[in-house]
Amino acid sequence: VQLQASGGGLVQAGGSLRLSCAASGRAISTYAMGWFRQPPGEEREFVAAISRSGGWTVYEDSVKGRFTISRDNAKNTVYLEMNSLKPEDTAVYYCAADTYRFYGSSNPSGYDYWGQGTQVTVSS
């Protein structure tokens with residue numbers, strides 16, 4: 001499966017963005033999906049994950065209540081709605097697909113396929 005992340009950009013603190021991850025080559029319904037991010041000079045970190053069916057989600061503590069992960073299997077796309085953005089959310093955001101787990105994981109090593117990343121910059 002190939003993943004294409006989009007929707008990043010420059011936004012002021014308190015603003016919103018919606019990231020999309022479009023899949024091609026295989027039905028996305030066969031994968032648990034995750035979003036990760038890599039701030040400048042730091043390691044890649046977990047943001048959110050969603051099960052194959054979309055009925056289960058999990059979030060990193062700092063984004064709970066502000067970010068929402070969702071999926072539309074008919075459109076072969078996963079989304080990350082980001083509200084109340086903060087400067088510390090600035091990072092390259094990546095989507096990823098997990099072949100083996102139904103529920104997804106917060107561990108990046110559990111994912112088999114990665115998109116190319118989309119830059120999110122939040123100004124103060």
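The values are calculated or read from the model by the stated rules, or taken from the named source; none is laboratory data. The model shown is predicted, which means the values in this text are computed figures rather than measured ones. A quick note on method: Cβ atoms are made from the backbone with ideal geometry, for glycine too, and the neighbour counts reach across all protein chains shown. To get the accessible areas, we keep the full protein, side chains included, count just its heavy atoms, and leave off ligands, DNA and RNA. Shrake-Rupley method; radii C 1.70, N 1.55, O 1.52, S 1.80 Å.
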- Item | Label-point gap, in nm, between residue 66 and residue 22 - each point 7 angstrom along Cα→Cβ | 2.8 nm
- Query: Under a Cβ-Cβ cut-off of 11 Å, what is the net charge of the residues other than residue 51 that fall near it, where Lys and Arg count +1 and Asp and Glu count -1?
  - Reply: +2
- 3J(HN,Hα) from dihedral phi, segment 98-115, Karplus parametrisation 6.51/-1.76/1.60, rounded to Hz, x for glycine, proline: 10, 6, 9, 9, 6, 9, x, 8, 8, 8, x, 5, x, 9, 9, 10, 10, x
- Taking protein heavy atoms only, a 1.4 Å probe, and rounding to whole percent, the accessible area of the chain owed to carbon and sulfur comes out at 46 percent
- Formal net charge of residues neighbouring residue 22 (Cβ-Cβ distance under 14 Å; K, R +1; D, E -1): +3
- Heavy-atom accessible area per residue, the chain, 1.4 Å probe: how many Å²? 48 Å²
